[in-house]
Amino acid sequence: LNDPDFKPDIHLSPTEEGIQEAERLLRAADVSGQGPIILINPGAFYGSAKRWFTNRYAALADRLIEEDQAQIVIIGSAGEQTIAQEIQSLAKQQLTILTGQTNLPALIGLLSRCNLLLTNDSGPMHLAAALDTPQIAILGSTDEVATGPWSPRAQVIHKHVECSPCLLRECPIDLRCFSRIEVEEVYETARAALYN
């Protein structure tokens, strides 16, 4: 596998059970589909060097709600509930938190149902790519070519800095790869993905 142009052809389809559970979760959370449904996946199991800042996710969510009438749903594993709660505490607008409430079929159903996924380098990023769900992957310590999403509907935001890709779990300095990714850039990329 030494071909630099190799791109895997991976496709995934949601199950009927997964779609039904995703719809049930959205209905129970009063997410109606009146505006674009945007999932935010702010966690990353590997470590904090793969997680964009919670205050920026909060500011991004507020802007998408205020300017685009988006319905923001935070997803993630049960162990990432603290991250979701921190984003909600920093946001001015009310967000829907489904963190820790999905099994794999329901997560796949949600990813197939949303208009856009905003994510760090994570499992849901790769699931969304296999589903061909529009997504913006915000990458820090990782190599965007080796581990980024393989999908024509995925956009990667990554800043090359002198120490990247470091591939570390925790940043020993100042997370400059993430600090250079501003809310405005992600917001404009999200708007382009939603409306183009």
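Just so you know, all these numbers are worked out from the coordinates, no wet-lab data involved. Treat the numbers as computed from the prediction; the structure is a model and nothing was measured. Here the Cβ positions follow ideal geometry from the backbone for every residue, glycine too, while neighbour counts run over all protein chains shown.
Report, to one decimal in Å, the Kirkwood hydrodynamic radius for region 17-98 based on all distinct Cα pairs. Don't skip to the end; give the middle numbers.
Details: mean 1/r = 0.0760 Å⁻¹.
It is 13.2 Å.
Under a Cβ-Cβ cut-off of 13 Å, what is the net charge of the residues other than residue 109 that fall near it, where Lys and Arg count +1 and Asp and Glu count -1? Don't jump to the answer; show the numbers that get you there.
Values: positive: 24, 27, 113; negative: 16, 17, 21, 23.
Summing Lys/Arg as +1 and Asp/Glu as -1 gives -1.
Once the Cβ-Cβ distance between residue 196 and residue 11 is put in as r, and R0 is 22 Å, what FRET efficiency do you end up with, to the nearest 0.05?
Given R0 = 22 Å and the Cβ-Cβ separation, E is 0.45.
Using the beta-carbon distance between residue 103 and residue 150 and R0 = 25 Å, what value does 1/(1 + (r/R0)^6) give for FRET efficiency, to the nearest 0.05? Intermediate values should be presented prior to the final figure.
Values: r = 24 Å, r/R0 = 0.98.
After rounding to 0.05, the efficiency reads 0.55.
Scaled to the compact-protein estimate 2.2 N^0.38 Å, what is the alpha-carbon radius of gyration of region 78-121, rounded to two decimal places?
On the way: Rg = 11.5 Å, N = 44, 2.2 N^0.38 = 9.3 Å.
Compared with the compact-globule rule of thumb, region 78-121 sits at 1.24.
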